[in-house]
């Protein structure tokens, strides 16, 4: 699993690099391969494709041999791996400290952040066993058998156990 997460994050880096210069809208899908679906809050499930916008409150699911890359803010993107279930809880790019909160119930995702020292970001990934809050730029989170795991490639990730309040930290 760890080597798969590392490879997934490496692929995300390659995909995000050309997007760093663009001014994407929050939640814009850049890649959708295989069986990728979105279910808006209170809506019906539908296929997700490149160019679609994922609204706050939406759940993204991927089937076997499927994946999606979503640019969350100008300075962040995620890669959702196969057999995953991720809900977008918050995207607030206009805040003084942009905030993204994702909730992963199953599967894995990689996150690449480029906040910079002068532009901090609050980026959190919730799992059944706690929150992985970015304190760096490059990490992956997986949920297996109801437990959350984090792998950090670069930077730091604060792990906040389930039931404890998120610090709303100084991710940068």
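Where a number appears in this text, it was derived from the coordinates with a stated rule and is not lab data. Every value quoted in this text rests on a predicted model; they were computed, and no experiment measured them. Here the Cβ is made from the backbone with ideal geometry for all residues, glycine too, and neighbour counts use every protein chain on show.
So residue 49 fits all but one of (1) at negative phi; (2) touching a residue at least 24 places away in the same chain (Cβ under 8 Å); (3) touching a strand residue (DSSP E or B) at 6+ places or on another chain (Cβ under 8 Å); (4) outside any strand (DSSP E or B); what number is the exception?
Every listed condition holds for residue 49 apart from (2).
Being more than 23 Å from residue 130 (Cβ to Cβ) and touching a strand residue (DSSP E or B) at 6+ places or on another chain (Cβ under 7 Å): is that true of residue 75 here?
The answer is yes for residue 75.
Just give me the residues in the stretch 82-103 being closer than 16 Å to residue 36 by Cβ and surrounded by 23 or more Cβ atoms within 10 Å (Cβ to Cβ), in sequence order.
Within the stretch 82-103, 84, 86, 88, 102 qualify.
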